[in-house]
Amino acid sequence: MARPGGTPQQQGLILQRGHTELLLHQLEDRLLVAFRSSDVDLLDIVPGLMYRPLPSGQPDILFEEILVPPEDFATSLRAACQHPDILFAYPVYQLADSAEGFVYLTQQITLQFAPEVSPAAQKAIGDRHHLKKIRPLLGADQTFIYELTAQTDCDPLWLTQILQQDPAIALAEPNVLLPLAVREMSLATNPQSRHWYLDAIQIPQAWQMTKGDRQTTIAVLASDLDLENSAEPIAETSETPYGAIPEIRPTTWGNTIAQLTIDVAPECTLLLLQLPQYLDDALLEKVIEAAIAQGPQ
């Protein structure tokens, strides 16, 4: 199978996400393996220096990151790929502009076909690359989730680059597992300065019509919500020029976003949902479905 274009340094190292190309580096000491049973002895299959489970959006599949000596990388990857208990194994990648931006491939990709591509033509493309259609992506026309099979002869990163060159394909993206950054952020201690932006976005004028109501739920989803110090997320109130506004400990970015939400709509119901430290498309869908089930509007 022909490989996509690009410089030798970039071939196979471009991640397509949201019509944006992200340059990746392949790490030579880490791989991700997927398997179904917790009884699988990974140490026997891939002797490693470190084993770390990672979350999976597919409840019947377990992910494990394995750190191996660089000199054993090729042998370890080949052993994992060939073992009958391993569903798939891929190298771990890193965003070129982030030392901590690890990228983990899964066996799923998203394909959006051009409007004129018929179901028969879609099937032919899937069959050509030995792909298994999983389901349509709701809300996106001509878009489906596919799964690579044992007969697919390249990894999702290569495959999506190849498919992008097909005029029948409008979008091809691998489903990747990414770590979510935790950012420390402290707001000003002076309540008046802390709410300076309310004037800037004309919130006092908006409050003349409504400050919200308890029947309206706003969900904040973040990986770094700091709620451990209070069983009640809204722990206290802050006196501001606009009256008393509930206050959340502004220790992280997630808490800060929650506080901004309260500042803008203090009488709405706030739903705080802790995201996992790693997220892929499947996990994100599950989190959003859970949020919708709890009533945000």
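Checking the structure you have, find out if any residue of segment 124-133 is among the aliphatic types (A, V, I, L, M), open to solvent by less than 40 Å² (accessible area, probe 1.4 Å) and part of a strand (DSSP E or B). Yes, the conditions are met somewhere in segment 124-133.
Mind checking whether some residue in segment 19-40 is basic (K, R), at pLDDT 80 or above and assigned to a strand (DSSP E or B)? Scanning segment 19-40 turns up at least one residue that is basic (K, R), at pLDDT 80 or above and assigned to a strand (DSSP E or B). Listed by first and then second residue, the pairs linking a residue in segment 197-220 that is open to solvent by 30 Å² or more (accessible area, probe 1.4 Å) to a residue that is among the small types (G, A, S) and in a loop (DSSP other than H, G, I, E, B), with Cβ atoms under 7 Å apart and 6 or more places separating them unless they lie on different chains, are K211/A265; I218/A265.
Any residue in segment 79-87 that is open to solvent by 30 Å² or more (accessible area, probe 1.4 Å), in a loop (DSSP other than H, G, I, E, B) and modelled with pLDDT under 90? Checking segment 79-87: not a single residue is open to solvent by 30 Å² or more (accessible area, probe 1.4 Å), in a loop (DSSP other than H, G, I, E, B) and modelled with pLDDT under 90. When E21, E71, E65 are screened for being open to solvent by 50 Å² or more (accessible area, probe 1.4 Å), under 17 Å from the mean Cα position of the chain (by Cα) and acidic (D, E), only E21 passes. Considering the conditions (1) small (G, A, S); (2) under 27 Å from L32 (Cβ atoms); (3) under 23 Å from the mean Cα position of the chain (by Cα), A170 is excluded by exactly one of them, (2). Among residues belonging to segment 88-123 that are among the aliphatic types (A, V, I, L, M) and part of a loop (DSSP other than H, G, I, E, B), point out the one that is surrounded by the most Cβ atoms within 10 Å (Cβ to Cβ). Once the filter is applied, the top-ranked residue is V117.
Scanning segment 26-43 for residues that are of a type outside the set (A, V, I, L, M), under 17 Å from L77 (Cα atoms) and in contact (Cβ under 8 Å) with a residue 24 or more places away in the chain gives Q26, E28, D29, R30, F35. Out of curiosity, is S38 of a type in the set (S, T, Y), more than 16 Å from L177 (Cβ to Cβ) and open to solvent by 20 Å² or more (accessible area, probe 1.4 Å)? Yes, satisfied.
The values are calculated or read from the model by the stated rules, or taken from the named source; none is laboratory data. Please read these numbers as outputs of a predicted model, since none were measured by experiment. For neighbour counting, all protein chains shown are included, and Cβ atoms are generated from backbone atoms with ideal geometry for every residue, glycine included. To get the accessible areas, we keep the full protein, side chains included, count just its heavy atoms, and leave off ligands, DNA and RNA. Shrake-Rupley method; radii C 1.70, N 1.55, O 1.52, S 1.80 Å.
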